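Undergrad: The structure follows.
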Amino acid sequence: MKSQGFPTKTVTEGCVKLLIPDIPVKGSAEFRVAPRKTPVFYNPSMTLSRDLAVLVLRAYFKALARRVSGCDALAGCGVRGLRLVAEVDGVDSVVVNDINPIAAEMASTNVEINGLGAKVSVENEDARLLFLKNSASGMRFDYIDVDPFGSPAPFIQSAALAIRDGGILAATATDTAVLCGLYPKACFRKYWAQSLKTEYHHEVAARLLLGFIARSLAMHGMGVEPLLTYREAHYIRVYVLVRSGAKSVNESVRGIGYLHHCFRCLNRGMKHGFTSEAERTCGGCGHVMASAGPLWVEKLLEKAFCERLYDEAQASTFKEKKPLLRLLVTLINEAEAAATYYIPAKVCKKLGIQVPPTRIITDRIKHMGYSFNKTHYAVDGFKTDAPARVVVEAVKLG
């Protein structure tokens, strides 16, 4: 079948059927990425992300005694918005939008295929203009999803105008190389923050993104409470609860600060506030520490909320829910763990020694009275409240 001059095919995701471009994806079966120049964007590797979006809305809005509205601002073929309407009770209406007229046309077709015309409206706008048009009281959304190809930064401030007090703002960043420290100048241009390339760079990326969102919404009198933050494959994803008012803004701003890292002895720490000490001296070895920020220095997710997501996931009929359940278990376990993580291979490379079994490192750290938690940011990474010198000692003894 052909549409708009390119081949198409029909696929099923969740409870919806979708007409999408029939264009080969890149990568292996485990890591498939849609080509950037596809006429309408649909990325099969983001199914887990969309499953989680469904769970977030089920978990959060279930307790509300009213119908809710949503906006999928950069929708591609419309899959995320369609799934939210089809799979979440209580979602009364969703605006599916894409600036690409071909994508908007295909999204309209998908709305018709699934018989959701009464609840889903399709727009063909610049997402920022769409947010401005829905910024008046009574027109704002309970849920906004900003899922671009690249950085969400250009859309966050306009999204702040269109989110309702007590709503959820979700954002995806696929420009992880920028946030992880490979391109510090680009990070400063996009996020007004200094990045830092460390062994725990994925967590630094998540904290930089959250810090940017918190600062952007504060300008509009809104505070944020992170409900869920995670890294999966090629992207960072965050969900924040938005609260208006000076008190909420002040509490949110207190969650912003700087990360300091010593590349000599691996000492690291977070500091609240908007001032970074450019010549901060390491308390472990006296070396000058590097800095990253401003970024989010408080917890990245709510444990109780993640437990609700896990319950929703168990009860779901998702086709591939084992990877989702594994991710949620790890997130629950690291929800209240110490900030930043260690990777044994990185520590051992610096020390010039062989990597001991993780079990031995775990036992030694726990025996010394410190916590030990696996992290989803790296397969072999772990979080602990032990000082860097204790971690180094545990690895050496291993």
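Undergrad: Using the heavy atoms of the protein chains alone and a 1.4 angstrom probe, what is the accessible area of the chain per residue in square angstrom?
TA: Solvent-accessible surface per residue comes out at 44 Å².
Undergrad: Distance from a point 7 Å along Cα→Cβ of residue 118 to each backbone N in the stretch 65-97: keep the residues under 18 Å and list them by number.
TA: Backbone N within reach: 67-70, 82-95.
Undergrad: Now for a separate question. If the only charges are +1 at each Lys and Arg Cβ and -1 at each Asp and Glu Cβ, what is the size of the charge dipole of the chain around the Cα centre, to the nearest 20 debye?
TA: 980 debye
Undergrad: Restrict the search to the stretch 280-364; then list the GluC sites (Glu not before Pro) that DSSP places in a loop and that have at most 10 other Cβ atoms within 10 Å of their Cβ. Let's see the in-between values first.
TA: Details: sites: 298, 302, 307, 312, 320, 334, 336; in loops: 298, 302, 320, 336.
Of the GluC sites (Glu not before Pro), the ones in loops of the stretch 280-364 whose Cβ has at most 10 other Cβ atoms within 10 Å are 320.
Undergrad: For the chain, what is the calculated [θ] at 222 nm in deg cm²/dmol (nearest 500), taking -39500 (n - 2.57) for each run of four or more DSSP H residues and dividing by its residue count?
TA: Mean residue ellipticity, 222 nm, calculated: -11000 deg cm²/dmol.
Undergrad: While we're on this one: If the elastic network links every pair of Cα atoms under 10 Å, which of 261, 367, 376 fluctuates the most in the Gaussian network model of the chain?
TA: Result: 367 has the largest fluctuation of those listed.
Undergrad: Where in the chain are the helices, taken as whole DSSP H runs, whose Cα atoms extend 20 angstrom or more along the long axis and whose Kyte-Doolittle mean reaches at least 0.5?
TA: Those that clear 20 Å and a mean of 0.5 are 47-61, 201-218.
Undergrad: Highest first, please rank the peptides 380-386, 135-141 by the mean number of other Cβ atoms sitting within 10 Å of their residues.
TA: Listed from highest to lowest mean packing, they are 380-386, 135-141.
Undergrad: Same structure, new question: For residue 190, list the aspartates and glutamates whose Cα falls under 12 Å from its own Cα; do not include residues on the same chain fewer than 8 positions away.
TA: 175
Undergrad: For the pairs 197/366; 346/374; 197/350; 350/396; 303/374, flag any whose C-alpha to C-alpha distance is greater than 20 Å.
TA: The answer is 197/366.
Undergrad: Just the number, please: percent antiparallel of the DSSP beta bridges in the chain, rounded to the nearest 5. Could you put the intermediate results ahead of the total?
TA: Numbers: 40 of 57 bridges.
Around 70 percent of the beta bridges assigned by DSSP in the chain are antiparallel ones.
Undergrad: Treating cross-link reach as a plain straight distance, find the lysines whose alpha-carbon is under 28 Å from the alpha-carbon of residue 9, omitting any fewer than eight places away in the same chain.
TA: Cα-Cα hits under 28 Å: 17, 26, 37, 119, 319, 321, 322.
Undergrad: For the chain, which whole percent of the accessible surface, found with a 1.4 angstrom probe, sits on carbon and sulfur atoms?
TA: Within the chain, the accessible surface is 53 percent carbon and sulfur.
The values are calculated or read from the model by the stated rules, or taken from the named source; none is laboratory data. Because the structure is predicted, anything quoted here is derived from the model rather than measured. FYI the Cβ positions are ideal-geometry reconstructions off the backbone, even for glycines, and counts take in every protein chain you see. Protein only, heavy atoms only, side chains kept; ligands, DNA and RNA dropped before computing areas. Shrake-Rupley method; radii C 1.70, N 1.55, O 1.52, S 1.80 Å.
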